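To keep things clear, I will list the structure first and then write my remarks on it.
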Amino acid sequence: MADPIVVMKRYELKYLLDGRQTAFLKNRLEGHMALDAYGRTSIASLYYDTPDRRLIRTSLEKPAFKEKVRLRSYGLASEESPVFLELKRKTFDVVYKRRVQTTVPLVKKFFEGGGDICAAGQINREITYFRDYYQTLAPACLIIYDREAYYENGGDLRLTIDHHPRYRVQELDLCRSMEGISLLPEGHTILEIKVQQAMPLWLTALLDEGRIYKSSFSKYGEAYKRELANAGKERNYRYV
């Protein structure tokens, strides 16, 4: 987390796991991958969107190309602590991510039109262009989860398990709390496999043995659909 500027290109595959599958996976990872030094870490990602939620609506249509921007903190943020502004694009299952280290006040100023987010040349131009293109970006949804990250010695394989994913659409501030509405039943987790090349055969066999199958689950997408459903119920109630 020390680098202020990061560029990533990789494949990202998602899976939904129940409690049994999660325990099976963690047990079978021993000898192949190791838990990173941070252990289980609470992560908060504040997604920006237009007032009509153009970005998430487009994403849910599953186009060949989609993009989003979010502000991420590791643990509860403060006005002075480092946070990471990420521009994430996905095309044909390949994920491209631009990420810069910044602070909450600087990001607020940036989305209000206050100049550049960093002095990083091409990355700065891409993030600024994204902001100016959509024009009305503002905090839309806060996604929070408790992550365990595993790495492969000498390889590019990375695997994460997200526990207790949750969200909120009020108090959209990384400095407030890590509380939110649960997105999955208790004990269920989200597995993400991130690799630059092909998945190793041992991991393919492990997933098959555990009956762990690929899913298209999106945390922000699920939160958006939940809020749409809740809004529909409220409208129906008013007209009963």
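Here, each number is a calculation from the coordinates, and none is a lab measurement. Computed from a prediction, not measured in an experiment: that's the story for all the values here. Please note: Cβ atoms are built from the backbone with ideal geometry, for glycine as well, and neighbour counts cover all protein chains shown.
Observations on the structure shown:
- When C118, C175, C141 are arranged by Cβ crowding within 10 Å, least crowded first, meaning fewest neighbours, the order is C175, C118, C141.
- Partner lysines for K90 [C-alpha distance under 20 Å; skip if fewer than 8 residues away on the same chain]: K9, K14, K62, K66, K68, K194, K214, K219
- Computed E for K88/D132 - FRET, C-beta separation, R0 22 angstrom, nearest 0.05: 0.80
- Three-way shape call for the chain based on the alpha-carbon gyration tensor, with the a/c threshold at 1.5: oblate
- ³J(HN,Hα) computed for each position of region 64-69 - Karplus, 6.51 cos²θ - 1.76 cosθ + 1.60, integer Hz, glycine/proline x: 5, 10, 8, 8, 7, 9
- 3J(HN,Hα) from dihedral phi, region 123-140, Karplus parametrisation 6.51/-1.76/1.60, rounded to Hz, x for glycine, proline: 4, 4, 5, 5, 5, 5, 4, 4, 4, 6, 5, 7, 6, 10, 5, 8, x, 10
- Where trypsin sites (Lys or Arg not before Pro) fall in DSSP loop in region 177-224, at most 12 other Cβ within 10 Å: R211
- Hypothetical label at C175: residues of region 75-103 whose amide nitrogen lies under 16 Å (7 Å Cα-Cβ projection): 75-84, 102-103
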